[in-house]
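Accompanying notes for the structure given below.
Every number here is computed from the coordinates shown, using simple stated rules; none is lab data. Values in this document were obtained by computation on a predicted structure and should not be read as measured data. FYI the Cβ positions are ideal-geometry reconstructions off the backbone, even for glycines, and counts take in every protein chain you see.
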Amino acid sequence: MVYLFALIFIGAAIAAIVGLIKPSLFKFKSDVVPNRWKVFGIFFLVSFVSLAFVGVFAPEVESSNNVSVEVKKDATEVQAATSKVDEQKPVADDKERNLGLTHEQFRASLNQKLKSIKVSHLRPVAEFDLEKGEVNDTFNVMFTDAVGVVGTVSKSSDMVKEITLLFGGESDQDAADFLIVTGLIVQTLSPGKDSAPKELVPLMEKAVENKNETQTKVIDGKTYTVIDSDVLGLNIVISS
């Protein structure tokens, strides 16, 4: 209905203007030209009445204040829901677990101990060639053909997170070299605990006696995991 009265309003307004300019267009039953002001007045009255009916039948429009309140309410609800989701997210542990030394501190301390024992074929490490990873970097050092060390380093802090000693030899000399390197690394990681290397020996013996079985012990706050594998040989993993 509102559209009908709107069309009448527009048509009457146009007719009022046309009647004011050229009233001769509104001759109906006689040849007498109607008075232009009379034509204008009639159509103006029609347009005014139709405009009034447009106002009567027009649907109510929600006020801008109400819309603003609703928008603010929705925004508040969304913010509250987002905060609730954030509260439910697990909080990451800011303190990353590590062995207490950066890879350079570990290398420097180990080199001092290697120099002190004066074993010619167990040379100090010139530098760690870090292999970059997405989360952690790693380094790999072969002291002999049978004795190697792999280290895991935090990319964010450069702290050593894990040390793995690898042994794949068969001779007594290979075994002696492995024990020397293992003892020096344990001393490097536990400088204030002289008994740490001795505590590790029974764990290694137990691993050799029980092939392919993992043996674990905490020494000076560090976890030592030892396994003598048929495939990989004797491995010692030191972690925090």
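How much length is gained on full extension from Asn140 to Ala108, taking 0.36 nm per residue of separation minus their Cα-Cα distance?
Values: separation 32, 0.36 × 32 = 11.52 nm, distance 1.56 nm.
Taking 0.36 nm per residue and subtracting the Cα distance, the gain is 10.0 nm.
As an exercise, identify the chymotrypsin sites (Phe, Trp or Tyr not before Pro) in segment 154-240 lying in DSSP coil whose Cβ has no more than 12 other Cβ atoms within 10 Å. Walk me through the numbers before you get to the answer.
Details: sites: Phe167, Phe178, Tyr224; in loops: none.
Sparse-neighbourhood loop chymotrypsin sites (Phe, Trp or Tyr not before Pro): none present.
Just in segment 180-226: which trypsin sites (Lys or Arg not before Pro) are loop by DSSP and have at most 12 other Cβ atoms within 10 Å?
When the trypsin sites (Lys or Arg not before Pro) of segment 180-226 are filtered for loop state and at most 12 Cβ neighbours within 10 Å, Lys211 remain.
Around Arg107, under 12 Å between beta carbons, what's the net of Lys plus Arg minus Asp minus Glu among the other residues?
Residues near Arg107 contribute -3 overall.
Under 13 Å from the Cβ of Ser229, count the other residues' Cβ atoms, weight Lys and Arg +1, Asp and Glu -1, and hand me the total.
-2
For segment 122-209, take the alpha-carbon Rg, divide it by the Kirkwood Rh, and send me Rg/Rh. Kindly include the intermediate steps, with their values, before the conclusion.
Numbers: Rg = 14.1 Å, Rh = 14.3 Å.
Answer for segment 122-209: 0.99.
Tabulate in residue order the Karplus-calculated ³J(HN,Hα) for segment 203-208, using 6.51 cos²θ - 1.76 cosθ + 1.60 with θ = phi - 60°, rounded to whole Hz; enter x for Gly and Pro.
After applying 6.51 cos²θ - 1.76 cosθ + 1.60, I find 5, 5, 5, 5, 5, 5 Hz.
Could you run the Karplus curve 6.51 cos²θ - 1.76 cosθ + 1.60 with θ = phi - 60° over segment 151-165 and give me ³J(HN,Hα) per residue in whole Hz, x for Gly and Pro?
x, 10, 10, 5, 5, 7, 10, 6, 7, 6, 9, 7, 10, 10, 9
Can you sort Glu162, Glu205, Glu199 so the residue with the fewest Cβ neighbours within 10 Å comes first?
Taking fewest neighbouring Cβ atoms as first place, the list is Glu205, Glu199, Glu162.
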